[in-house]
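The values are calculated or read from the model by the stated rules, or taken from the named source; none is laboratory data. Worth saying up front: this structure is predicted, and the values here are computed from it rather than measured. In this analysis, Cβ positions are derived from the backbone assuming ideal geometry, glycine residues included, and neighbour counts consider all displayed protein chains. Surface accessibility is based on the protein's heavy atoms, side chains included, excluding ligands, DNA and RNA. Shrake-Rupley method; radii C 1.70, N 1.55, O 1.52, S 1.80 Å.
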Amino acid sequence: MSLKPLEHDRKYGELDQVIHAHLGRTADDEEALTAYLRHCWRTRPWAIAVAEHQLREYAQNPPGRLRLRLGEFYPVPDVGLPDTEIQDWLLRLADRLKESVETGTAPAPATPRTHWEWHARFPELGQLLGGWFSQDMPDEFEDHDSALQDYLDSTDPGLTAQLDGELHDLLSLPLDESDYAIALAELGMEVDPPAPQGPGAWLAELAARLH
């Protein structure tokens, strides 16, 4: 029997966050683990201990092939390691998380460094950019303004308020125009800002309209 959502989250929910923070990067990439710790210390520090426990439990009780085939266990996504090395890697991650909690050592605040961290920090902005400003935008909307208006007309006011806060958070970071372009791409935007605006000016206009 496949895992129920509640059972999955109880046993593997935070483990899944740690693993996905590493996807697209090497397994021992320090930046990936630092990004996870930085975000969690900033938003939900209690989750680090949950992740440590789930990682250690999974590593110490690895699933057999039958349970994986039946969907009764969490299948670790491909992180570029052979299966024989996954257990040790998970235990190393658990040790690092334990050390961070026990010493109270948190990464210094910084601009997001990984794809996972961009979306973890700016989830609603990623929803707007990836959903309304994808490569299909020119076929669906007359221009950028009409795409934004469609988002506003179809989105709960609480989420637009969250978007407002995320935009101001992003604009408070020490970024230049090339950094803003990277941020837009990481968060799913696949079209250029409306001419003659650059990425920073367009984000500032979005923030002003929402505010």
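Of note:
- Check on Ala181, at pLDDT 95 or above, part of a helix (DSSP H, G or I), loosely packed, with under 14 Cβ neighbours inside 10 Å and of a type outside the set (Asp, Glu): no
To keep it simple, each residue is scored yes or no on (1) without any contact (Cβ under 8 Å) to a residue 40 or more places away in the chain; (2) in contact with a helix residue (DSSP H, G or I) (Cβ under 9 Å, 6 or more places away or on another chain).
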position	(1), (2)
Asp83	yes, no
Arg96	no, yes
Val101	no, yes
Pro107	no, yes
Thr114	no, yes
Gly126	no, yes
Phe141	yes, yes
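- Candidates Gly104, Gly131, filtered to the one that is at positive phi, of a type outside the set (Asp, Glu) and either under 22 Å from the mean Cα position of the chain (by Cα) or open to solvent by 20 Å² or more (accessible area, probe 1.4 Å) (or both): Gly104
- Annotation note: Cβ proximity below 9 Å between a residue of the stretch 151-170 that is outside any helix (DSSP H, G or I) and a residue that is at pLDDT 95 or above and surrounded by 14 or more Cβ atoms within 10 Å (Cβ to Cβ) (sequence gap 6+ or interchain) occurs for Thr155/Glu124; Thr155/Gln127; Thr155/Leu128; Thr155/Leu163.
- Hits in the stretch 184-204 (condition: of a type outside the set (Phe, Trp, Tyr), open to solvent by less than 50 Å² (accessible area, probe 1.4 Å) and within 24 Å of the chain's Cα centre (by Cα)): Leu184, Leu187, Gly188, Met189, Val191, Pro193, Pro199, Gly200, Leu203, Ala204
- Checking the stated criteria, Glu99 turns out not to satisfy the condition of being outside any helix (DSSP H, G or I), farther than 21 Å from Leu171 by Cβ and among the acidic types (Asp, Glu).
- Failed condition for Ser146, given (1) surrounded by 11 or more Cβ atoms within 10 Å (Cβ to Cβ); (2) touching a residue at least 12 places away in the same chain (Cβ under 8 Å): (2)
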